[in-house]
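The values are calculated or read from the model by the stated rules, or taken from the named source; none is laboratory data. Predicted model only: the values in this text are computed from it and were never measured. No Cβ is skipped: glycine too gets one built from the backbone with ideal geometry, and neighbour counts run over all protein chains shown. With ligands, DNA and RNA removed, areas are computed over all heavy atoms of the protein, side chains included. Shrake-Rupley method; radii C 1.70, N 1.55, O 1.52, S 1.80 Å.
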Amino acid sequence: MSSVNFQLNPVMVYIILLFQSLIASGTHIVAKIVVRDIEPVTLTMVRSVMAAVGLLVIAAVRKTNFRILREHYVSIGLLSALAIPINQFLFLTGIKYTTPANASLLYGTTPAIVLLVSHFIGKEKMTWKKSIGVAIAFCGILLVVFERGIDFRSDYTFGNGLLVIAVLAWSFYTVLGKQMIMKYGAFPTSAITMILGTVMFLPIGIIRVVDFNFSSLTMNHWMGLLYLSLGTSIFAYFLWYYALGKIEASKVAIFTNLQPILTTILAVVILGQTITTVFILGEAPRGA
């Protein structure tokens, strides 16, 4: 019976990661649409608060134990900062100034960055083949970041640059979170980092939120916020951390390679976005 479970578990984890990639791909599109009418600080705050409330309700139903050992306070605090004030805020700000396809392509470099981070903290050995893969991935980053030329006045350059920092934060969140997942479990770790991250962002977000005219929001805006908060911040984050507790971080991160393809299809169909030659070249190394 144990051998059967060993064979089935990896398959189920991969199916979970495939579903997580579908949700994440839609996030780039939804965020691009919503951020047109809700500026990034307010959007990050509202999204985070909605997610935090949802997580607290789920935790109450599950009777989740959030007790953290004192020795892990710093680690949980760092993960919380990476999750909301850095990753989510910079993602929403960056995507306002670039395309969903560019965002997904940059997030598609996560496997290379996760591998690099894992190597430097002694979690995974770097082979020459892996080194070549990392180098090619970073060439892809440069192609996308400077798609319209090296012009730091360009909105695309500014947005892509912010997304690079967001991707770095997400990669560190992935690698550094594995130890906490193994200690406390996927849901408690993802929940507490999201809730604490929301508290960290509160001093910045509350200033914009109190002056925002919520009566201007339509049903479509609220549906988008629900997708970003419940779908992405709760469900997709949990699935990501759940998979991270089952297999190596570098294998989990590989599934972000699907996002550029899925997001690009959605961007063409929903937003009418055109795909440039530079974008294709940036994607080609990861598609090979």
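Side notes on the structure shown:
- On the basis of the beta-carbon distance and an R0 of 35 Å, ILE121 and ARG62 show a calculated FRET efficiency of 0.65.
- Volume per residue for region 188-257 equals 117 cubic angstrom (convex hull of Cα atoms).
- Share of Cα-Cα pairs in region 1-102 lying beyond 16 Å, as whole percent: 72 percent
- Heavy-atom accessible area, probed at 1.4 angstrom with all protein chains present, ranks SER80, SER215 as SER215, SER80, highest first.
- Added length on full extension, which subtracts the Cα-Cα distance from 0.36 nm per residue, TYR73 to ASP211: 46.3 nm
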